[in-house]
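Rule-based calculations on the coordinates, nothing more; no lab input. Everything numeric in this text was worked out from a predicted model, so none of it was measured.
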Amino acid sequence: MSSRRGDHVPRISLATGKLTAASRQHHIVETVCREGYASLERLVRELDVSAMTIHRDLRLLDSRGQVRRVRGGAVAPWMTTAS
C-alpha cells in the first residue's frame, strides 16, 4: 500500500469511535484553508464533538499559526479583518 505525501487517512479512536484529535484538527485546517472560514457550529456538527473540544482545537491551531480564531469560528491565517 503506497501513501503519497499529503494524503490524509482519517484515524478513528477505538475507544470512542470518533476521529482522533490529530485527524479532527487536520479536518479543521483543511476546511478553513479551502473555504476561508468555518463556523464553530459547523465544525461541531461535522465532527460530532462538543463546542469546548472545537474551542480547544482552534486555540491550539491558532497558536501554531494554522488558522486564526475569530468570534464564532476560524479564518485562514492569511485573511485580514476590516478595521
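Quick notes on this one:
- Shape of the range 21-75, Cα gyration tensor, a/c cut at 1.5: rounded
- Stretching the chain fully between Thr20 and Arg69 yields a gain of 15.5 nm (0.36 nm per residue, less the alpha carbon separation).
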